[in-house]
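Here the structure is laid out as structure tokens; the discussion comes afterwards.
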Amino acid sequence: MSTLPHPRQVPRVAEIVLAFLAGAGTFVVVAVLAAWISSDALIVILAVPLVTTVVLVTKLIGIAYAVPIAMAGMLAYDWYHLAPTHPLGFPTWSNLVDLLVYLAVSVLIGELAAHATRKAQTAEVARAELADEQAALRRVATGVAEGVPAQKLLAAVAEEVGALLAVDATRIIRYEGDEEIVNLTAWSRPGYHPAPYERTRLEGRSVAGDVRRTGRVARIDNYDDIEHRLKVTRGLGIKSVVGAPIIVAGELWGVMIVWSVADALPPDTESRLIDFTELAATAIANLESRRQVERLLDEQAALRRVATLVARGGRSAEVVETVIREVGVLSGADLARLERYETDGTVTGVGVWSRDVDHQLSSGTRFVLQGPSIAALVRQTRRPMRVDSFAGASGAIAQEAQGLGIRSSVGCPVIVQGRLWGVIAASTTGDAPFPPDTESKIGEFTELLATAISNLKAHADLEASRARIVETTDLARRRFERDLHDGAQQRLVSLGLELRGVEAAATPELRARLTQIGSGLDDVFNDLRELSRGIHPAILSEGGLDPALRALGRRSAVPVKLDVNVGERLAERVEVAAYYVVSEALTNTAKYADARLVEIQVAIHDDVLELSIRDDGVGGADPARGSGLIGLTDRVEALGGRISITSPVGEGTTLHVELPVEVA
């Protein structure tokens, strides 16, 4: 960074007079010495201090004085030492005119030389300053290209400005509306430590206020003359302040301020500061564009996550948790909540999110819609709404907001199949309001949430329908089994007894025929009993799952190794589902597996009934080809359970089922 000073200047008239006097004085001194010294050697020696004086004056004071001194000394040497010499004394009128003209010419030549020197110095300073500014521009541009965080980049700009303009302090400020400013970054010279601040109101006279009002550069050179000034400027010892607007995308975005505590800032401070505000505006615009792209990418990624979760039929709690978290993070909120409208006019919190786990909105609580709240406003309007302040408000939701330090909230309705289902609201504890586009961001998530709720409702309706079908089927099976037992089976038993009575009194030939008929009746009876067991086994209703499964194992065509660890009776529909799973598995094993052993394990783990049926057969089972597993899948899933089959060729088949436990 350049350290060249600006060339010093005194008033031109004063400089001419002083240069003339310097030349005249030099003439007198050299004239006296030249007239008094007769030796040429001494005269040569005298020239050494004269030349030294000229060089020092040129270097320390300026060439405007050095030229008259040098020329006056040479004239005195010529007049009073070289022949023909002039007598030492006051010059004649003619010589005086010549002397004055000579001195005037020497002063003119000195001024021309000084002017040229100043122009060269000014050009050098300007070149150095331009080089420094270009270097600063490159450093900041490199920072933008490398993705340096905004705060760090603005701090670098403030430091560059402070060092290049040689001021005492620099601040970059962003306007928040017409009444507030936010101090984004600050720099001060070593040894000077102005009090920091984050946010303040534009009250009283200030450069920031002047720039906000006019949109142009502003200067205040004496704060002591201002009676009512900005609070944060007090006690800083400010002498002179200059501020230049930062214009981003054609709008007044903020202001860059520099100040001095000693002298008034140079007149060119405004123009030089403007160069840096343009640089800052470019950096900010680039950062804003990059942030907008990043925000858009974040929003799209969040929407994809939620959409994927909805598409694959994620659990209701998982979808709600994900949506609320994404809404809270992307909107910059501190807290968020999904609320469901109830038929009695109240609202219930069904899911919450918070940046601070120690400060959470309540979930599962039902609120009466009294006082200001997003839920109340959205219920009235069915549109996105805002609440800018809960201060002094009544009502349960407003009091909850006050207790958590919430300053403002924004929310959007959740419309499910044309009906107002609920509302999702984001809240902040900070002073800054939500950006204007917050409602549209939340709205995109509420549409996905509404789809998820609609899908979940349809899924729940389907599950309920399947459960009703299974329950109706089981009821019909029990009724049919009871009708068989109480009707046809009992009638067959009575007919068998009657036949035995007739058989005892019949002739031998007739007795043989009746015996054959009795055997046929026994076969029919046994067939009906097996049919009854297949429809709905009485042993399951009377003894529970353990004895029913053991009865299945005894009747199985393939040997069964059974391990049942259930304990207390379960809900009938759970026991029935488990029974038919094992029954169908044993039937399939006997028909297709060519197995030597079936291992059945039944146990309860973490409120889930787990069934594992494994055989050592040929494997290769494919549920898509039928075999009764499709009906079992409907039965299991109707209860909220899961069923899976593993059947590698040559390695047997394993059927695994999980059913939610319902105690009888």
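Nothing in this text is a laboratory measurement; each read-out follows from the coordinates by a stated rule. It should be emphasised that the depicted structure is a prediction, and the values quoted were computed from it without experimental measurement. Positions of Cβ are backbone-derived with ideal geometry, glycine not excepted, and every protein chain shown enters the neighbour counts.
Here are a few things to note about the model shown:
- In sequence order, the stretch 245-261 has phi-based couplings of x, 9, 9, 10, 6, x, 10, 6, 8, x, 8, 10, 10, 10, 8, 10, 9 Hz under the Karplus curve 6.51 cos²θ - 1.76 cosθ + 1.60, θ = phi - 60°, and Gly or Pro positions carry x.
- For the stretch 565-576, 3J(HN,Hα) per residue [Karplus equation, 6.51 cos²θ - 1.76 cosθ + 1.60, θ = phi - 60°, Hz, x = Gly/Pro]: 9, 10, x, 6, 5, 9, 4, 4, 5, 6, 5, 5
- Nearby lysines by direct alpha-carbon distance to residue 239 (threshold 17 angstrom, same-chain neighbours under 8 apart not counted): 231
- Summing charges over all other residues whose Cβ lies under 10 Å from the Cβ of residue 602, with Lys and Arg as +1 and Asp and Glu as -1, gives -3.
- The calculated Kirkwood hydrodynamic radius for the stretch 544-660 is 14.1 Å, given to one decimal from all distinct C-alpha pairs.
- For residue 395, the amide hydrogen comes within under 5 Å of no other amide hydrogen, counting only partners 5 or more places away or on other chains and with H modelled in the peptide plane.
- Amide H contacts for residue 597 (H built 1.01 Å from N in the peptide plane; partners 5 or more residues away or on another chain; cut-off under 5 Å): 616.
- Cβ-to-Cβ counts within 10 Å put 275, 221, 358, 178 in ascending order as 358, 178, 221, 275, the fewest first.
- Candidate cross-link partners of residue 119 among the lysines, defined by an alpha-carbon separation under 27 Å and a same-chain spacing of 8 or more, comprise 59.
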